[in-house]
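The values are calculated or read from the model by the stated rules, or taken from the named source; none is laboratory data. These numbers were taken from a predicted model, which means no experiment stands behind them. Don't worry about glycine lacking a Cβ; one is built from the backbone with ideal geometry, like all the others, and counts go over all protein chains shown.
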């Protein structure tokens, strides 16, 4: 776990997931009297077979990823000579992405919070930055006051693998953040545990906003607007990319804005609808 955290700079969420995966693998091996470093590829396959009873394919693939990382670590440290996990193929999973939110619904969502209340101003700024900057929800929650540059209209984001990038924000998002900052101090007046005055987005006790809180607040506004869909913070990030592409942005620029190391990852986020493809075809093909 220390190797993953320090050398590979994985997120806290991934650390917890891999720890759970390895505990489950240990529990499977223990009744058989097999030490983890003595496990073969057959033990790994047997473990995954048992997991198939209760876990979805995506969860089983995640468990295999944790086991592969573990045996790769043992091989590099020369605890074992042969990596048994290399003989176990990761199953191909269907690529499921959230549906892009229609532009009119995205606009309605930005305006849903109550601008008369301090928490409403926070939520308005939070949603504007999330959608306007294409941030991951963990990146949003990790923002501190020093990461914001109002004049340049940018935020400095620490993404996956501790990779830093600068994200531009539109004027509306900056205005919402500035308005929120004028009143955020109200949440710090009453001393409470785990307060974080450096955090850009605070909860009602003055602590740093969590990813779960963002999800909960988003659910509240989706319900309030009567939108007939399940919407996650990641759906707003996906919508950010899709709307940019529809507006004429090139895929390489979108890759930089999203902070993707691979262009193929960006291409999955920017799935163009059939209607868009049909429109382009009708306008472009000489026989259309």
Looking at (1) surrounded by 14 or more Cβ atoms within 10 Å (Cβ to Cβ); (2) under 30 Å from residue 141 (Cβ atoms), find the lone condition where residue 84 falls short. (2)
Do we have residue 72 as at pLDDT 90 or above and either over 30 Å from residue 128 (Cα atoms) or outside any helix (DSSP H, G or I) (or both) here? yes
Considering only residues that are under 13 Å from residue 145 (Cβ atoms) and either without any contact (Cβ under 8 Å) to a residue 40 or more places away in the chain or exposed (fewer than 12 other Cβ atoms within 10 Å of the Cβ) (or both), which ones fall in region 160-180? 178
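Here is a yes/no grid of residues against (1) in contact (Cβ under 8 Å) with a residue 12 or more places away in the chain; (2) outside any helix (DSSP H, G or I); (3) assigned by TED's automatic domain parsing to the domain that holds residue 228; (4) in contact with a strand residue (DSSP E or B) (Cβ under 8 Å, 6 or more places away or on another chain):
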position: 8; (1), (2), (3), (4): yes, yes, no, no
position: 26; (1), (2), (3), (4): no, no, no, no
position: 43; (1), (2), (3), (4): yes, no, no, no
position: 63; (1), (2), (3), (4): yes, no, no, no
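Give 152, 100 a once-over and let me know the one that is under 17 Å from residue 222 (Cα atoms) and in a loop (DSSP other than H, G, I, E, B).
100
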Being in contact (Cβ under 8 Å) with a residue 40 or more places away in the chain and not in a loop (DSSP other than H, G, I, E, B) narrows 129, 79 down to just 129
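Being modelled with pLDDT under 95 and either crowded, with 17+ Cβ neighbours inside 10 Å or farther than 20 Å from residue 183 by Cα (or both) narrows it down to one residue among 93, 143, 127, 119; which is it?
93
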Between 217, 285, 234, 243, which is farther than 17 Å from residue 134 by Cα and at pLDDT 80 or above? 217
Would it be correct to say that residue 223 is exposed (fewer than 12 other Cβ atoms within 10 Å of the Cβ) and in a helix (DSSP H, G or I)? yes
So residue 173 fits all but one of (1) assigned to a helix (DSSP H, G or I); (2) out of contact with any helix residue (DSSP H, G or I) (no Cβ under 7 Å at 6 or more places or on another chain); what number is the exception? (2)
